[in-house]
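Engineer: First the structure, then my questions, so here it is.
Every number in this text was worked out from the coordinates using simple rules, so none of it is lab data. Being a predicted model, the structure only gives us computed values, none of them experimental. Cβ: placed from backbone, ideal geometry, glycine included. Neighbour counts: every protein chain shown.
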Amino acid sequence: MTAQGRPRQLPVTVLGGLVTVDAARTMAGTGEAERSIPGIALAAMSLLVMPVLSAAQRKAGRELGSASAVADSKQTLLCTYLSAVLLAGLLANAALGWSWADPLSALVIAAVAVKEGRDTWQGKGCCATPTDATDTCRCTPGCACCA
């Protein structure tokens, strides 16, 4: 990872930490998650749209030979999974009254955000550096991002 890419990942890592603190506070009983119909609707829409967007990004990235677009499609697919976790927590809270489900899903999302931030900071992201001038995908050896 370049030095320029690190500052852009810092907010994701910080956000993951803040979500963790808020979720822990809620689970400890100092706050309670409320039902959120707009949140449920937004998470459901995201769950429907993100897989389509990811496929389109991946296709365009392959056609253009853009490793960046292909890598971004993987991040978008990750957003799909996170939307599913979010929706499960919101629905469990709204339908079953399980107020602990919402902060639990937040902790899962926060863990993923912190892991992604740490991996990016350490340069573990796919397609971080080109292998040589003939590598149109610009993937590192063993990287499957353009596969």
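Engineer: Between residue 98 and residue 84, what is the label-point separation in nm under the 7 Å Cα-to-beta-carbon projection?
Structural biologist: 1.6 nm
Engineer: How large, in Å, is the stretch 5-121 by the Kirkwood hydrodynamic radius built from its alpha-carbon pairs? All intermediate terms of the calculation are to be shown ahead of the outcome.
Structural biologist: Numbers: mean 1/r = 0.0654 Å⁻¹.
15.3 Å is the Kirkwood radius here.
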